[in-house]
Amino acid sequence: MKRTATTVLPSAPDPASARVRVSPTAPPLTRIPRLVGLLLVTVLILGLAACGGSATTTAGNGAPAPQEGPVVRVGSLLDSEGTLLGSMVIQMLDANGIKTEDKTKLGTPEIVRAALLAGEIDATIDYTGSGQYYHEGEEGDPKWKNASQAYEAIKKLDKDTNDIDWLDAAPAINSEYIATTPRRSPRRKRTAEDLAAYVKRVAR
């Protein structure tokens, strides 16, 4: 059965997103969809299972028997978040009889991205908002602060440039906040600029 790239992921200025890529240079029988995504890998699972045979075949221990086809190499960043999500993807694929190779904790974002583009891994976790750093001239564009626009932008840019398909955006947003105790919190200080001004004032 012909193997095709699919889609699955979330959206937000910098939410995690999933993608699938079919290497245009790999032999037809060894092409593997490249995934960048969170938990919504159902489409990928179904696609690989369909190419590998029956998805309901089980081994003697009751677990799905490994399917025919290539091994899916799942990579992730070094941080705990990336490692956890990568491990979850591996467990989901393994549970559906899809053979995997654990390449989590692969390295920094630059290393993981390079590995995906070079075909050294087939699946990884990424943020849609990071797309502005992957394509020249995009950094700082206002669209990367808009969830849906950021997703659509990286989806098109990576498809046109690298033949990479981003999966649908997963329902997750990766935002950072500053938290303080009520006693230390300056009143009516809502932004980082407000906090900076307050700290400068009290530090004099």
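For the range 85-204, the C-alpha radius of gyration divided by 2.2 N^0.38 Å, with N the number of residues, is 1.45.
Of the trypsin sites (Lys or Arg not before Pro) found in the range 84-183, the ones in coil according to DSSP and having at most 10 other Cβ atoms within 10 Å of their Cβ are Arg183.
Any read-out appearing in this document is the output of simple, stated calculations on the displayed coordinates, not a laboratory observation. Quick caveat, the model's predicted, so the values are computed rather than measured. All Cβ positions, glycine included, derive from the backbone under ideal geometry; neighbour counts span all protein chains shown.
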